[in-house]
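Visitor: My questions will all concern the structure given below.
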Amino acid sequence: MEKTFAIDFDGVIHAYSRGWQASGDIYDKPIPGAREAMANLVSQGFQVAILTARLNPKFDDAPEQKKKIITWLAENEFAEGVHYHEVTNNKPSAIAYIDDRAVRFTNWDQTNEVLHDLVNKGGY
Ligand SMILES: [Mg+2]
């Protein structure tokens with residue numbers, strides 16, 4: 001079985017400093033270290049999937065988004081087979097999911113605390 005790492009795009013690979021823009025543009029530079037980390041995983045024989053909600057088929061522009069992401073990756077020197085293997089919105093079976101919005105689950109008491117703080121302190 002292929003051993004995969006699933007890596008979120010916005011906020012993990014693409015710096016996304018201004019969040020989502022109405023145009024859906026990918027406007028920012030890569031996050032420092034992303035290229036090297038992804039190449040390192042691939043060179044160790046892991047599969048790297050870029051997992052992004054930009055390709056949610058509910059969005060009319062999902063096919064356009066895929067083109068924008070592929071173009072951005074190429075312009076920023078991320079190569080298929082060297083830094084990643086696929087760009088998808090389908091959650092793959094993976095060793096780990098690397099995501100700036102993730103909450104690491106250990107148990108519901110701990111998770112409820114995290115969610116309570118998130119909801120009450122805002123900033124999301
Ligand atoms: Mg993100």
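Derivation of every value follows stated rules applied to the coordinates shown; laboratory data play no part. Owing to the predicted nature of the structure, the values given are computational and were not obtained by experimental measurement. Here the Cβ is made from the backbone with ideal geometry for all residues, glycine too, and neighbour counts use every protein chain on show.
Visitor: It is to be established whether one or more residues within segment 5-14 are within 22 Å of Y124 (Cα to Cα) and acidic (D, E).
Guide: yes
Visitor: So how many residues does segment 1-29 have that are buried (at least 18 other Cβ atoms within 10 Å of the Cβ), within 14 Å of the ligand (Cβ to nearest atom) and farther than 21 Å from D61 by Cα?
Guide: 3
Visitor: Here's something else I'd like to know. Could you figure out which of (1) more than 16 Å from the ligand (Cβ to nearest atom); (2) farther than 15 Å from V12 by Cα; (3) of a type outside the set (A, V, I, L, M, F, W, C); (4) within 16 Å of the chain's Cα centre (by Cα) isn't true of D109?
Guide: (4)
Visitor: Can you tell me which residue within segment 39-52, out of those that are touching a residue at least 40 places away in the same chain (Cβ under 8 Å) and more than 13 Å from A96 (Cα to Cα), is farthest from the ligand (Cβ to nearest atom)?
Guide: G45
Visitor: Still on this structure, I have one more. Can we say F5 is over 14 Å from L73 (Cα atoms), touching a strand residue (DSSP E or B) at 6+ places or on another chain (Cβ under 6 Å) and among the aromatic types (F, W, Y)?
Guide: yes
Visitor: If a residue has to be under 10 Å from K3 (Cα atoms) and polar (S, T, N, Q) to count, how many in segment 40-62 make the cut?
Guide: Selection size over segment 40-62: 1.
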